[in-house]
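Okay, structure first, notes after.
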């Protein structure tokens with residue numbers, strides 16, 4: 001789960017200093033002022049203005065950039081003040097939220113943040129959950145489905161029909177081999193740092209797989225190799241996840257490893273991924289200080305189809321998130337109007 005886009009890129013201690021000093025880089029959109037929708041009850045805008053500015057974290061990967069941009073644009077459409085704030089170091093989002101009363105993370109994959117959830121949500125209670133997105137999410141090792149079933153229209157024969165059962169991987173290691181892996185099969189991941197994060201080396205060793213992990217170097221490079229292999233009809237075994245435009249656009253199949261267990265993940269990694277929940281998070285003071293915005297965030301959730309279409313459009317058009325999101329908002333008031341907060345009662 002990782003990608004690109006606008007707003008100033010901030011990491012680690014620098015991001016915290018900027019957020020807490022109130023000097024975060026607002027998007028160009030918010031600098032021009034909110035485009036208020038006259039059809040929305042004006043009491044909502046009045047309440048949002050009274051509550052003050054809200055910042056939505058953009059974690060610099062595709063689906064999160066879309067969610068952040070959409071939350072910010074809709075808050076402005078209601079009459080509030082909102083901006084996106086890019087924090088590419090996803091671990092630093094937790095202390096940032098804990099110390100700020102106006103910061104929202106629209107998409108946190110729970111499977112990657114067990115220690116942070118325990119520390120900030122359960123023990124300190126400095127971060128709160130504002131619900132989950134209804135998106136169906138998964139992650140793992142994938143192959144193009146034609147590797148398993150072939151593709152008669154493209155003249156492709158099945159290369160490894162025993163998949164997606166992981167036990168067939170060694171029988172097919174030769175079809176995934178490359179000059180850099182010698183006789184071993186090649187499993188392609190993103191940046192090198194992801195290898196330890198996903199336990200790939202341990203998974204290969206503890207399941208006795210005749211494979212070697214190769215880092216593409218970045219998400220963009222990973223995606224480029226998947227697209228290149230798919231366009232050529234070549235075998236490829238790689239990391240991928242959903243939601244992502246790649247799994248939306250191409251027919252891929254996830255390898256079926258032994259079922260996930262807590263005992264396996266983080267130790268042997270000789271199992272598959274846990275199916276994640278995508279959490280909406282904020283600092284513990286956010287619901288009290290921004291109740292109208294919190295009500296909206298709790299209701300906000302794109303469907304699988306809508307998010308998938310947005311991601312594919314971004315990839316094909318090469319437009320930034322703000323452009324694609326604005327178009328979607330203009331064309332889908334029947335969807336986002338269901339997320340509007342309740343009209344605040346007069347105090």
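Derivation of every value follows stated rules applied to the coordinates shown; laboratory data play no part. Remember, it's a predicted structure, so these values are computed and weren't measured experimentally. Please note: Cβ atoms are built from the backbone with ideal geometry, for glycine as well, and neighbour counts cover all protein chains shown.
If you take every DSSP beta bridge fully contained in the chain, what fraction is antiparallel? Give it as a percent rounded to 5. Working shown, then result.
Details: 18 of 34 bridges.
Counting only bridges with both partners in the chain, antiparallel ones make up about 55 percent.
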(message) Counting other beta carbons within 10 Å of each residue's own, what order do 238, 63 fall into, fewest first?
(response) 238, 63
(message) Between helix 42-51 and the chain, what is the angle of the helix's C-alpha long axis to the longest principal axis, kept within 0 to 90° and rounded to the nearest 10?
(response) 80 degrees
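Taking 0.36 nm per residue of separation and subtracting the Cα-Cα distance, what length does fully extending residue 234 through residue 345 add?
Numbers: separation 111, 0.36 × 111 = 39.96 nm, distance 6.07 nm.
Taking 0.36 nm per residue and subtracting the Cα distance, the gain is 33.9 nm.
Taking only C-alpha pairs under 8 Å that are 6+ residues apart, what is the relative contact order of region 138-254 in percent? Mind dumping the intermediate values first?
Details: 185 pairs, mean separation 41.6, N = 117.
Dividing the mean separation by the residue count of region 138-254 yields 36 percent.
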(request) Measure nothing fancy, just the Cα-based angle from helix 12-21's long axis to the longest principal axis of the chain, in degrees from 0 to 90, nearest 10. (result) 10 degrees
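Based on the mean of other beta carbon atoms within 10 Å per residue, what is the order of 129-138, 71-80, most packed first? Mind dumping the intermediate values first?
Values: 129-138: 17.3, 71-80: 25.2.
Highest-to-lowest ranking by the protection proxy: 71-80, 129-138.
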(request) Go through (i) 1.07; (ii) 1.87; (iii) 0.96 and flag the label whose value is the computed Cα Rg over 2.2 N^0.38 Å for this structure. (result) (i)
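Helix-only estimate, please: 222 nm mean residue ellipticity of the chain, summing -39500 (n - 2.57) across DSSP H runs of length 4 or more and dividing by its residues, to the nearest 500. Could you put the intermediate results ahead of the total?
Values: 16 runs with 130 residues, N = 347.
Value at 222 nm, helices only: -10000 deg cm²/dmol.
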(request) Compute the length gained on full extension between residue 260 and residue 49: take 0.36 nm times their separation in residues and subtract their Cα-Cα distance, giving the result in nm to one decimal. (result) 71.4 nm
(request) State, to one decimal in nm, how far the label point of residue 289 lies from the label point of residue 330, with both points 7 Å from Cα in the Cβ direction. (result) 3.5 nm
(request) Tell me the label-point distance for the pair residue 101, residue 206, using the 7 Å Cα-to-Cβ offset, in nm and rounded to one decimal. (result) 4.5 nm
(message) Nearest 10 degrees is fine. How inclined is helix 304-317 to the longest principal axis of the chain, computing both from alpha carbons?
(response) 80 degrees
(request) Report, in whole Å, the centroid distance computed from the Cα atoms of region 31-97 and region 185-263. (result) 33 Å
(request) Calculate the spin-label point distance for residue 303 paired with residue 323, positioning each point 7 Å from the Cα along the beta-carbon direction, and give it in nanometres. (result) 2.7 nm
(request) For residue 112, put the label point 7 Å out on the Cα→Cβ axis and report which residues of region 311-328 keep their amide N under 14 Å from it. (result) none
(request) With an 8 Å cut-off on Cα pairs and a minimum separation of 6 or more residues, tell me the relative contact order of the chain in percent. (result) 23 percent
